[in-house]
Structure formats: C-alpha cells, structure tokens
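I have placed the structure first, in the form of structure tokens, so that the comments after it can refer back to it.
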Amino acid sequence: MSPNEFFSQLWQDYVAMAPQADQIYKLFAADNGTVVNDHVAFRTFNLAPINIERLEKHFFAMGYRRHEPYRFDDKKLDAWSYLHEDPTQPRIFLSELCVNELSAAAQEYISGLVAQIDPARVDDPSVFWAGPLWKMPSHADYLRLLEESEYAGWMAAIGMRVNHFTVSINHLTTPTTLQGVVERVEQAGFAINGAGGKLKGTPEQLLEQASTLADRMPMVFADGSTHAIPTCYYEFARRYPDAKGELYQGFIPSSADKIFESTDVKKSLKAA
Ligand code: OOG
Ligand code: NI
C-alpha cells in the first residue's frame, strides 16, 4: 500500500471518530490551501500479534525506517518514531503499553483481549483502522482498566486506529506561531489540553506542540450500555532547525508524556 493510500484511509477512520479534526482541518485549509501533516500516532499493547515489532513491518513496507526509541516510565510505555525516505511524508509515532508491568488482574484481562485476535488479520495494513480486534469490554471492565492505565482503557475500547494527526505549523502561512494556532482553535470553540501547560516545548528544544482534548463518541459496551468516551484528538507542531541547520525530527518525552493525556477521561469533560 502506498503511503498516500494509507494516510487517506486513516484520515477517513479518524474524522469519523473525531469530527473536530475535520472541522479544524477545514479552518486551516480555508486560510492556507493545503494542510501538511507533521506526524500521526498509534497505540498498541506489547503482546503478540499486535506488539510494535509485528506492526512496524507495515511501515517498513511503505518506505519508513526506525528513527528513535522513547520510554515513558510513569505510563509504562515504550515507543518508536519512524521517518520516511521521502521527507514530505508524515513521521509516525508508535507506542506500546508494557502489559507485563501492570497488575496481575489487568495483565490477565488484556491477554484475554489479545488472545481473540486472528494473527492473519494483523498481516494487512488495514489493521491500523480495524478498531477493537476483540469483543468490546463491559463498561465495568473499561472503568477498571482506566483506573490503572488511561492508555489501557483507551486501547480496550477504541482499539487499533490512528490516535491523532498533527498539523505542521511550519507549512502554514497563517498563523505561523503555536500561540496563534492555539488561539485560532480556541476561538473556533475547541478545547486545548492544558496538561503541563497548553503550549508544550520551546524553540530551544526544537519542537513546540499543543493538542486538543479528544472528542467523545458514544460506544456500545459488552453489557449493552452506551457511554460517550474519549476517542481521538488533533495536534499542532512547529519544528526548528538544529545547530547544523537541519530540521529537528524527533519527539520530546516530557511534552509527549502530557500529550498522551489528551484522551484522559477526566480531562475530556465535554459531553457528546
Ligand atoms: C501519543 C502522544 C505523544 C507526541 O507528539 O509527542 C505524541 C499518543 O497520545 O498516543 O503524539
Ligand atoms: Ni503527536
């Protein structure tokens, strides 16, 4: 599958889960003509057949290579970033929850979800917009998972799909600053994730970022109950050149740690 086809399929799944992204995209597209993606991000569990090592082969097949590893101790996550040989293609950020670091009860529950996956399903790149590859959890199980790990709860109910797209501020003609972008998004009525401050990172760190709070969409749980839960969010990033004049390509762990919280249940309080 070509990167263009991959990202266009992902975008369709994404805006169905996060209608705000399409609305915000249109705001910037109206003023700029085109909107370029800085990166997209995926989440998974570190259990076969959906661990990073099994999923990343789809990126390699599209022309990506591993760039840098990251570790988030508090959230029990490992991650990799990927760069395409064609620098106009978006970067990819893929994290996985280290299930072995969770409580015995959570480990057992998540292993039960992953055991339902047909490994052959993971061999097709469409796995990245498959949603849950298991039976939906009951609402009680979802809440129990969330208490231990927001990320685990999100994965169990939302499943395999893109977590966010990211507007490249470098490619906008207006606004050109992160502050300006955040003001534009807030004026249009969308909430920005304030964890660690709305504006994350500095020019010295070579990456400035902000993100919306995830949309909420009603989901039907295994017990038959319907609840609006956080789905996906939109991000805005501005990169700076390093001392050699090369645009910074990495991610900033202290900023990323807070960007993950854009899907936290207590933060995305907007009713659906
Ligand atoms: C990824 C959060 C990190 C970034 O740009 O630092 C990130 C996630 O929420 O899955 O996207
Ligand atoms: Ni991101």
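A few notes on this one:
- Taking only Cα atoms of the chain, radius of gyration then Dmax in Å: 17.8, 57
- Note on the chain: GNM, Cα springs under 10 Å; of LEU77, LEU247, LEU27, the largest mean-square fluctuation is that of LEU247.
- Note on SER2/VAL36: beta-carbon distance plugged into 1/(1 + (r/R0)^6) with R0 of 22 Å gives a FRET efficiency of 0.80.
- Compared with the dominant Cα axis of the chain, that is its longest principal axis, helix 104-114 is turned about 80°.
- A DSSP coil position with no more than 14 other Cβ atoms inside 10 Å describes none of the chymotrypsin sites (Phe, Trp or Tyr not before Pro) in the range 25-105.
- FRET efficiency for GLN116 and THR226, using Cβ-Cβ distance with R0 set to 22 Å, rounded to 0.05: 0.50
- Residue separation of THR202 and ASN100 scaled by 0.36 nm, minus their Cα-Cα distance, works out to 33.3 nm of gained length.
- Fully extended contour minus Cα-Cα distance, from ALA188 to GLU53, at 0.36 nm per residue: 44.6 nm
- Distance in nm between pseudo-label sites at SER138 and ASP73 (7 Å out along the Cβ direction from Cα): 3.7 nm
- Assuming charge only on the beta carbon of Lys and Arg (+1) and of Asp and Glu (-1), the dipole of the chain about its Cα centre is about 320 debye to the nearest 20.
- The modelled label-to-label distance between TYR240 and LYS26, using points 7 Å beyond Cα along the C-beta direction, is 3.6 nm.
- Modelled spin-label separation between THR173 and TYR248, with each label point placed 7 Å from Cα along the Cα-to-Cβ direction: 2.7 nm.
Here, each number is a calculation from the coordinates, and none is a lab measurement. Nothing here was measured: the structure is a model prediction, and the numbers come from that model. Note: ideal-geometry Cβ built from the backbone for every residue, glycine included; neighbour counts use all protein chains shown.
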